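Rule-based calculations on the coordinates, nothing more; no lab input. All values reported here derive from a predicted model rather than from experimental measurement. Cβ atoms come from the backbone with ideal geometry, glycine included; neighbour counts cover every protein chain shown.
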Amino acid sequence: MRFGRERIARKEGDSAPVSLGEFELIDRFFRNRGARRADVALGVGDDAAVIDVPRGKRLVAATDTIVEGVHFPRAAPPRSIGHRALAVNLSDLAAMGARPAWATLALTLPAAEESWLREFANGLDELARAHEVALIGGDTTSGPLTVTVTLLGIAHSRGFLARSGAAPGDHIFVSGTVGDAAAGLAVLEARLKQGSAADREQLQRRFLFPEPRVELGERLLGIASAAIDVSDGLAADTGKLVRASNCGARIDAGALPLSAAIVACAGAQAARDWALGGGDDYELCFTVPAGRLAQLTGSVPVKRWPYTAIGLVTDGPGVVILDGAAILNVERAGFDHFVR
């Protein structure tokens, strides 16, 4: 697949006022990005990419778009935007237990500013190489800043995970800590000013540079009954998982894994609210039958891949969040692009 043919003009007043053509843009910033993979027969620069899929394996595909002012602030560092554009897709494949391999990039730019493009490409490239992902093509257009990545991966020989496999009695877990990214966005937008500079920096980094749990997703194959990545908020995403499984869920608010940084900056109450209703953590929420708990702790050591038990799958319907004997209402039920 080749990148689009548009010539993207720089903004008036930029240091280099001449327009940057398609092929120059590709050669400078996107050719030879990501991992070098022997299974890419034809990559960037032609009408389409050609890849060799291993015999007997299934292809797993995910697409996500991030838009300036919706998914990241206008002042977000370009390296972070490049990182996040790939990370959100890596997180989707992690929730499937799949191994990422190839990516395409559709990039819409208001102007082709070289220093911005360099940092953006470096952020994407660094994460792609870390997960052995090759950039094999895409498109460039002129318009409001929008980034779309399509990520292709390979389903493991042990199968794949889905949202629909949970059953009543399964234990619900979440990896890492939750709420940090939403709090980090509040720091970036100067809505959260308390806490030490180090704690605020840690929260900001959780938003700007999320770490998709790809390795954990693969380790959960054959152990977890269902999984979903936490992108729209833990309560909302748990609801999606159990709804797909025709079940319900009971979550213990007191068991939520909260970082020391979010508690120090926001306090326990706000931290809990962000953990339940905030988004962009890109942790994994997964369910495990009671009979596989020993296998989980033996094969997926919590010290290596931190995760916490937060509740149980029930006959349902819906998600009930308990604070002791009290039932909590989650004010923010998760992000929806078309509900305000």
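In this rough spin-label picture, where each label sits 7 Å from Cα along the Cβ direction, the Asp52-Ala255 distance is 4.7 nm. Only helices enter the 222 nm calculation for the chain: every DSSP H run of n ≥ 4 contributes -39,500 (n - 2.57), and dividing by all residues gives -9500 deg cm²/dmol, rounded to 500. Please give the FRET efficiency for Asn329 paired with Ala41, using the beta carbon to beta carbon distance and R0 = 56 Å, rounded to the nearest 0.05. Efficiency computed from Cβ-Cβ geometry: 0.55.
So, counting K/R as plus one and D/E as minus one, what does the shell of residues with Cβ under 13 Å around Arg58 add up to? So the environment of Arg58 carries a net charge of +4. Summary value for the chain: 21 percent relative contact order, contacts being C-alpha pairs under 8 angstrom separated by 6+ residues. For the peptides 307-316, 238-247, 190-199, the ranking by mean Cβ contacts within 10 Å, running from highest to lowest, is 238-247, 307-316, 190-199. A simple charge model with +1 on the Cβ of Lys and Arg, -1 on the Cβ of Asp and Glu and nothing else charged puts the dipole of segment 163-328 at about 180 debye relative to its Cα centre. Converting phi to 3J(HN,Hα) with the Karplus coefficients 6.51, -1.76 and 1.60 and the offset θ = phi - 60°, segment 66-81 yields 10, 10, 4, x, 10, 9, 7, x, 4, 8, 4, x, x, 4, 5, 4 Hz in sequence order, with x at every glycine or proline.
Annotation: the residues Asp52, Asp180, sorted from fewest to most other C-beta atoms within 10 Å of their own C-beta, follow the order Asp52, Asp180. At 7 Å along Cα-to-Cβ for each site, give me the label-to-label distance between Trp305 and Ala75 in nm. Taking the simple label geometry, Trp305 and Ala75 are separated by 3.8 nm.
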